[in-house]
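Q: Questions regarding the structure given below will be posed in turn.
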Amino acid sequence: MIIVLSKKKTDSRPLHEWLKEVDEPIAVLHQEQHETHAGMARSDGKFELVPIKSYTNSGEVEAVVHKLSQANHISKIISFAESDVVRAAQARQALGLAGQSVQSAIAYRDKYEMKNALFRTGIPSPMCAPLNTVLDALEFADNYGWPIIIKPKRLAGSLGIAILHSANELEDFCRQADTGIGSISDFIVEQYVQIAKMYHVDGLMKNGAVHWHFASEYLCPPLDAIMRKNPIVGGVNLVQSAPKTQKIVSLVKDAIAVLPAPPDLTSFHAEVFEEENSNFLICEIASRTPGGRVPEMIKYLTGIDLERETARGQVCLPEQSYPPYHDDKFCAYIMIPPQEGRLKQLPENCPFCWVPEFEILANTGQTFQDVKKSTEQIGWALIEGSTREELNSRISQFDGWIQDNIAWSKRIPE
């Protein structure tokens, strides 16, 4: 039996198509309230769909994996989400299975362990330190200056990150830290870097080598999305053949080469800072498929489905050939973030022919809190253009249309 950890809705992962060559049963552990894929439900008993009531914040996933292992021979455990990387590796270790090790999973998940490994091998990354008490943050600020960044060791989507400019702000942060994210020892302190631009490189890796990659630029850094510094949230593909892009990719390849390697074909998501002096630094890197509609953009431009490839790679199915991408067009993925309040008005369709994909994920009357993660969205779109200039103009036009066609009531009813 193969066990699949699928925090995301299973109706968006056609595992019955991706893993059709597999001739053993597959148990898919998924969030209880999510709908299951009709194709898997009709798969002649090959798939066992196992709903998990409290998927993220309990030990129920691990308990179900153990229970399944008592009744079945488990051959593989595969995962997609960042929150599943370490627990999947721990389950493999407990059952004596091949795949990404606990050491590798932690190196790609724990930001301090990751950056420490990069420092030891000379890969440029912002200075950081673990936190045991608030005094560690104050000492770090004495050494590197204010502002400082406080971030959780093992969360994604910029959740829980704060930029602090003084000891008073640090005190306020600690006062508000009882938010379920964790204690101070679950955070690291990091040097604030004044960045000019921020990039992400996504692709597939195996045994410390990059098998395929695709580089993009954030329209605004994810942390700016949380802080509402930019109404546009998303990114756009870079010219893959450009010397600057090659330099960014080379840095990511160097980082992957020094971190403990997953032995099977696995997706990765790396973020890179460009400083104002044009130096590049690794922000962080994860051994999982990117979020935030990056996979949709990549699939639209290249035909490569990163989730499909990592699913097949983790069960050792044959790797497909990856033809080179021709820099013949630009595409942006755009997310429409929620606002605090009640949704009063939403568009049903998008009128622009240069928006090949558009989806609204919310309903009028729904209420929302303000953004806490950079990937939160009530809708999304892909926008294409033949040049970067044309694309930028279309992004502005789309944003104006969104502002005119989405309305909020700022007050949330009691």
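Q: Could you say which residue among Ala311, Ala332 is touching a Gly at 6+ places or on another chain (Cβ under 9 Å), modelled with pLDDT of 95 or more and small (Gly, Ala, Ser)?
A: From the options Ala311, Ala332, the qualifying one is Ala332.
Q: Just one of the numbered conditions (1) at pLDDT below 95; (2) closer than 19 Å to Glu82 by Cβ is not true of Asp202; which one?
A: (1)
Q: Let me ask something else about it. Could you check, for region 79-100, whether at least one of its residues is surrounded by 16 or more Cβ atoms within 10 Å (Cβ to Cβ), of a type in the set (Phe, Trp, Tyr) and modelled with pLDDT under 95?
A: yes
Q: Another question about this same structure. Would you be able to tell me the number of residues in region 336-352 that are within 27 Å of Gly385 (Cα to Cα) and either at pLDDT 95 or above or assigned to a loop (DSSP other than H, G, I, E, B) (or both)?
A: 9
Q: Return yes when Phe330 is crowded, with 17+ Cβ neighbours inside 10 Å and touching a Leu at 6+ places or on another chain (Cβ under 7 Å) and no when it is not.
A: So Phe330 passes the test.
Q: Same structure again: Would you pick out the residues in region 155-189 that are modelled with pLDDT under 90, over 24 Å from the mean Cα position of the chain (by Cα) and among the polar types (S, T, N, Q)?
A: Selection gives Gln176 alone.
Q: Considering only residues that are closer than 22 Å to Ile256 by Cα and crowded, with 20+ Cβ neighbours inside 10 Å, which ones fall in region 127-150?
A: Listed by number, the list holds a single entry, Cys128.
Q: Quick one: is Trp380 modelled with pLDDT of 95 or more, out of contact with any Pro (no Cβ under 7 Å at 6 or more places or on another chain) and assigned to a strand (DSSP E or B)?
A: yes
Q: Residue check, Ser43 against (1) buried (at least 17 other Cβ atoms within 10 Å of the Cβ); (2) among the polar types (S, T, N, Q); (3) at pLDDT 90 or above, all met but one. Which one?
A: (3)
Q: Name every residue in region 298-353 that is more than 30 Å from Asp224 (Cβ to Cβ) and among the β-branched types (Val, Ile, Thr), in order of residue number.
A: Once the filter is applied, which keeps residues that are more than 30 Å from Asp224 (Cβ to Cβ) and among the β-branched types (Val, Ile, Thr), region 298-353 yields only Val315.
Q: Follow-up question, since we're still on this one. All but one of (1) crowded, with 16+ Cβ neighbours inside 10 Å; (2) free of Cβ contacts under 8 Å to residues at least 24 places away in the same chain hold for Leu219; state the number of the condition that does not hold.
A: So Leu219 meets the others, but not (2).
Q: Under 23 Å from Ser216 (Cα atoms) and either in contact (Cβ under 8 Å) with a residue 60 or more places away in the chain or surrounded by 14 or more Cβ atoms within 10 Å (Cβ to Cβ) (or both): is that true of Ile383 in this structure?
A: When the stated conditions are applied, Ile383 passes them.
Q: Scan region 129-136 and give yes if some residue there is charged (D, E, K, R) and out of contact with any strand residue (DSSP E or B) (no Cβ under 8 Å at 6 or more places or on another chain), otherwise no.
A: No, region 129-136 has no match at all.
The values are calculated or read from the model by the stated rules, or taken from the named source; none is laboratory data. None of these values were measured; they are calculated from a predicted model. Every residue, glycine among them, receives a Cβ derived from its backbone with ideal geometry; neighbour counts consider all protein chains shown.
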